[in-house]
Amino acid sequence: MGKQRVLSGVQPTGNYHLGNYLGAIRNWVEGQSEYDNYLFVADLHAITLPHDPKQLANNTYTLVGLYLACGLDLNHSTIFVQSHVSAHSELTWLFNCITPLNWLEDMIQFKEKAVKQGENVNVGLLDYPVLMAADILLYQADKVPVGEDQKQHLELTRDIAARLNHQFGKPDQPVLKLPDPLIRKEGARVMSLADGTRKMSKSDPSELSRINLLDSPDQIQYKIKRCKTDPIRGLTFDDPERPECNNLLALYMLLSGKPKQAVAAECQDMGWGQFKPLLTETTIHALKPIQEKYQEVMEDKGYLESVLRDGREKAQAIANQTLTQVKAALGFSIL
Ligand code: TRP
């Protein structure tokens with residue numbers, strides 16, 4: 001039996017931060033040799049909120065550079081750009097016509113984003129999860145690594161696949177494979193440096209809320225110096241009264257690679273004045289090899305483009321096959 005297929009993506013909206021790395025990209029890298037991985041840049045998703053055309057392509061290249069710099073290995077992983085494979089858009093339309101409107105209106109993330117957008121909500125924002133279903137189902141993915149916030153979208157993906165199979169497939173021959181979420185070990189939910197109860201986010205207006213993967217040592221030092229703490233001496237994990245403390249300890253654990261118990265023991269008597277320099281050093285040290293590799297990769301635009309051309313070709317071969325199967329099942333004439 002061949003390897004199971006994993007599929008995941010990140011939107012090219014800039015400000016790639018420790019949450020993107022520790023919560024997503026690093027997990028892909030760690031498990032990559034066990035699976036056949038399809039990892040893409042979700043640029044079609046990135047235009048569901050107002051965007052700057054001058055930034056889109058740049059952010060896309062930066063993200064591909066970071067995928068490579070973080071250690072994705074082309075022997076195990078296919079890296080591509082969503083908009084390069086037109087089957088994503090095409091399957092979205094087909095899915096649109098079998099997806100009940102109220103399924104989309106019930107999506108938590110849509111409701112949250114729509115409130116923030118006020119009057120300025122486009123149809124694409126509502127349709128976002130259908131595009132995501134197309135991303136996943138086109139590749140007949142077995143496993144989809146997602147964070148807590150995307151679980152509802154994965155459920156919807158399964159519902160769309162089941163509905164299409166039920167309406168248009170034969171009972172013994174499903175058209176689409178139902179994917180499972182791949183939930184990794186705890187601790188990879190990185191919170192804001194300004195508020196330990198909120199996720200670290202690309203869209204937080206405050207730069208001080210996050211550490212970006214490409215931040216300089218000075219920036220990292222400054223942000224950690226200014227981050228929110230509490231007046232209590234002695235640092236502990238999992239105290240619900242101390243969300244910032246838990247988050248900063250978890251960051252130290254993940255970036256140092258030390259086991260939780262070792263970190264708990266090391267830091268139990270520390271004050272912030274001792275811990276912050278330690279976290280600063282550890283963060284700078286952990287990001288250095290990524291930043292060096294990133295510079296190297298980005299200097300060779302030709303290489304980057306060749307990675308994406310290969311990725312596009314491999315992705316298209318699989319995606320187009322699934323698209324044809326779906327079109328045939330729905331009754332389209334196939335040439
Ligand atoms: N919506 C995901 C996010 O913002 C990105 C994404 C788009 C994705 N398509 C996907 C993730 C398919 C996994 C599978 O995090």
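Considering each residue of the range 152-178, count those that are part of a helix (DSSP H, G or I), more than 18 Å from the chain's Cα centre (by Cα) and either of a type in the set (A, V, I, L, M, F, W, C) or within 13 Å of the ligand (Cβ to nearest atom) (or both), and give that number. Step through it out loud before you land on a result.
Going residue by residue through the range 152-178, those that are part of a helix (DSSP H, G or I) are 152-168.
Among the residues that remain, those that are also more than 18 Å from the chain's Cα centre (by Cα) are: 158-168.
Subsequent filtering for residues that are either of a type in the set (A, V, I, L, M, F, W, C) or within 13 Å of the ligand (Cβ to nearest atom) (or both) retains 158, 160-162, 164, 168.
Residues flagged as part of a helix (DSSP H, G or I), more than 18 Å from the chain's Cα centre (by Cα) and either of a type in the set (A, V, I, L, M, F, W, C) or within 13 Å of the ligand (Cβ to nearest atom) (or both) within the range 152-178 amount to 6.
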Taking first residues from the range 7-18 that are under 14 Å from Val81 (Cβ atoms) and in a loop (DSSP other than H, G, I, E, B) and second residues anywhere that are hydroxyl-bearing (Ser, Thr, Tyr) and more than 10 Å from the ligand (Cβ to nearest atom), the pairs with Cβ under 7 Å that are 6 or more apart or on different chains are Pro12/Thr60
Answer yes or no: is there a residue in the range 50-69 that is modelled with pLDDT of 95 or more, assigned to a loop (DSSP other than H, G, I, E, B) and of a type in the set (A, V, I, L, M, F, W, C). no
Scan of the range 11-59 for residues that are of a type in the set (A, V, I, L, M) and farther than 20 Å from Asp142 by Cβ, ordered by number: Leu18, Leu22, Val41, Leu44, Ala46, Ile47, Leu49, Leu56, Ala57
Residues of the range 1-58 satisfying the condition of being near the ligand (Cβ under 10 Å from one of its atoms) and touching a Gly at 6+ places or on another chain (Cβ under 6 Å): Gly23, Phe40, Ala42, Thr48
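Within the range 80-95, track down each residue that is surrounded by 16 or more Cβ atoms within 10 Å (Cβ to Cβ) and either out of contact with any Ser or Thr (no Cβ under 7 Å at 6 or more places or on another chain) or free of Cβ contacts under 8 Å to residues at least 12 places away in the same chain (or both).
So in the range 80-95, the residues surrounded by 16 or more Cβ atoms within 10 Å (Cβ to Cβ) come out as 80-85, 87-88, 90-92, 94-95.
Phe80, Gln82, Ser83, His84, Val85, Ala87, His88, Glu90, Leu91, Thr92, Leu94, Phe95, listed by residue number.
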Could you check the range 113-151 and list, in sequence order, the residues that are of a type in the set (S, T, N, Q) and more than 11 Å from the ligand (Cβ to nearest atom)? Gln117, Asn120, Asn122, Gln140
Name the single residue that is surrounded by the fewest Cβ atoms within 10 Å (Cβ to Cβ) among those in the range 178-212 being modelled with pLDDT of 95 or more and among the small types (Gly, Ala, Ser). Ser206
Of the conditions (1) at pLDDT below 95; (2) not in a loop (DSSP other than H, G, I, E, B), Leu248 fails just one. Which one is it? (1)
So if I check each of Glu34, Glu105, Glu30, which one is touching a strand residue (DSSP E or B) at 6+ places or on another chain (Cβ under 9 Å), closer than 23 Å to Leu154 by Cβ and without any contact (Cβ under 8 Å) to a residue 40 or more places away in the chain? Glu34
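The values are calculated or read from the model by the stated rules, or taken from the named source; none is laboratory data. Computed from a predicted structure; not experimentally measured. When we count neighbours, we look across all protein chains shown, and the Cβ atoms used for this are built from the backbone with ideal geometry, even at glycine.
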